[in-house]
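*Asks:* One structure follows; several queries about it will come next.
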Amino acid sequence: MKVSRVVVFGAGGRAGVRVVTEAVARGHEVTAVVRDPGKYAGAWGSSGAGASGAGSPGVRVVAGDVTDLAGVAEVAAGHDAAVQVAARLDVSSEEFYTAAARALVGGLGRAGVSRLVAVGIGSLLEVSPGVRLVDTPDFPAEARAFSLGHAAELEVFEKSGLDWVVLAPPPVLLDESASRTGRYRIGGGEVPALEPVFSFADLGVAVVDEVERPRHHRVQVAVSY
């Protein structure tokens, strides 16, 4: 396996921290894009990487906005693949994910980065042919808007020329304290048979596996135990 340069948008979030940790543990060079780099000094030190900015071994932490096309292009230049795990709760989900997807499509294209691995949401998986979980009668109304933001993101990706994949974790509790097992399975576009929880650490494993060995292209797939 050759060492890759990977840029991770949303590196400071619960999924992002695990993706960065997993990638660095495998020897990749990571640019961790966050809104406030000062919050993450030393964040990945336990994995053998510094996190204090340009020049740190393993991880370079930079300020960035995934909705800014020019900024995405600048920070992604020279990388082999990009990961999108950023989220915002202070603006509408559809506004954020649409803007982020458009900036990623344009910015990564400008930077010459063709591979994008994004983390999606399990509520967009189907419970029966043509029926997504989010569209079922008992789906909580307060969660629907957030899910539809991810759907808008998918629509932008589908119209692009990027080699993208969206990994949708199961609609169960995502555990941020559970240990890494390295165990997961990839399904299709349907809600998988569910265990009660799925760990952020193993989600990170699945993301980095798709960076290293792209197996799924221009599709949303389920990732679960």
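The values are calculated or read from the model by the stated rules, or taken from the named source; none is laboratory data. Just so it is clear, the model here is predicted, and its values are computed rather than measured. For neighbour counting, all protein chains shown are included, and Cβ atoms are generated from backbone atoms with ideal geometry for every residue, glycine included. Note: accessible area is taken over every heavy atom of the protein model, side chains too, but ligands, DNA and RNA are not part of it. Shrake-Rupley method; radii C 1.70, N 1.55, O 1.52, S 1.80 Å.
*Asks:* Consider only pairs whose beta carbons are under 9 Å apart and that are at least six residues apart or on different chains; among these, list those whose first residue lies in region 196-224 and is under 15 Å from Ala81 (Cα atoms) and whose second residue is open to solvent by less than 40 Å² (accessible area, probe 1.4 Å) and among the aromatic types (Phe, Trp, Tyr).
*Replies:* Going by the 9 Å Cβ cut-off, the qualifying pairs are His217/Trp164; Arg218/Phe157; Arg218/Trp164.
*Asks:* On to the next question. Kindly list the number of the only condition in (1) within 17 Å of the chain's Cα centre (by Cα); (2) at pLDDT below 95 that fails for Val119.
*Replies:* (2)
*Asks:* Something else now. Restricting to region 182-193, name every residue that is surrounded by fewer than 19 Cβ atoms within 10 Å (Cβ to Cβ) and β-branched (Val, Ile, Thr).
*Replies:* Across region 182-193, the qualifying residue is only Ile186.
*Asks:* Still on this structure, please answer the following. Write out, first by first residue and then by second, each pair whose Cβ atoms fall under 6 Å of each other, whose residues are 6+ apart or on separate chains, and whose first residue, in region 163-181, is closer than 18 Å to Val211 by Cα while the second is hydrophobic (A, V, I, L, M, F, W, C) and part of a strand (DSSP E or B).
*Replies:* From residues that are closer than 18 Å to Val211 by Cα, the pairs are Trp164/Leu116; Val165/Val117; Val166/Ala118; Leu167/Val119; Leu167/Val223; Ala168/Ala222; Pro169/Phe198; Pro169/Val223.
*Asks:* Continuing with the same structure: I'd like the full set of residues that are at pLDDT below 85 and open to solvent by 60 Å² or more (accessible area, probe 1.4 Å), limited to region 28-52.
*Replies:* Ala41, Ser46, Gly48, Ser52 - these are the residues of region 28-52 that are at pLDDT below 85 and open to solvent by 60 Å² or more (accessible area, probe 1.4 Å).
*Asks:* If you don't mind, another one. Does Val205 meet the test of being within 25 Å of Ser93 (Cβ to Cβ) and open to solvent by less than 60 Å² (accessible area, probe 1.4 Å)? Before the answer, list the steps.
*Replies:* On the way: within 25 Å of Ser93 (Cβ to Cβ): no; open to solvent by less than 60 Å² (accessible area, probe 1.4 Å): yes.
Against the criterion (within 25 Å of Ser93 (Cβ to Cβ) and open to solvent by less than 60 Å² (accessible area, probe 1.4 Å)), Val205 does not qualify.
*Asks:* Identify all residues within region 60-102 that are open to solvent by less than 50 Å² (accessible area, probe 1.4 Å), in contact with a strand residue (DSSP E or B) (Cβ under 6 Å, 6 or more places away or on another chain) and of a type outside the set (A, V, I, L, M, F, W, C); write none if there are none.
*Replies:* Gly64, His79, Gln84
*Asks:* Mind counting the residues in region 105-122 that are open to solvent by 10 Å² or more (accessible area, probe 1.4 Å), assigned to a helix (DSSP H, G or I) and closer than 29 Å to Val191 by Cβ?
*Replies:* Number of matching residues: 1.
*Asks:* Checking the conditions here, which among Pro171, Pro214, Pro196 is open to solvent by 40 Å² or more (accessible area, probe 1.4 Å) and farther than 23 Å from Gly16 by Cβ?
*Replies:* Pro196 is the lone residue from the list that is open to solvent by 40 Å² or more (accessible area, probe 1.4 Å) and farther than 23 Å from Gly16 by Cβ.
*Asks:* Among the residues of region 62-109, which ones are under 16 Å from Leu148 (Cα atoms) and of a type in the set (S, T, N, Q)?
*Replies:* Once the filter is applied, which keeps residues that are under 16 Å from Leu148 (Cα atoms) and of a type in the set (S, T, N, Q), region 62-109 yields Ser92, Ser93, Thr98.
*Asks:* If you don't mind, there's one more thing I want to ask. Within the set of pairs 6 or more residues apart or between chains, which connect a residue that is open to solvent by 10 Å² or more (accessible area, probe 1.4 Å) inside region 134-156 to a residue that is basic (Lys, Arg) with Cβ atoms less than 8 Å apart?
*Replies:* Val156/Arg102
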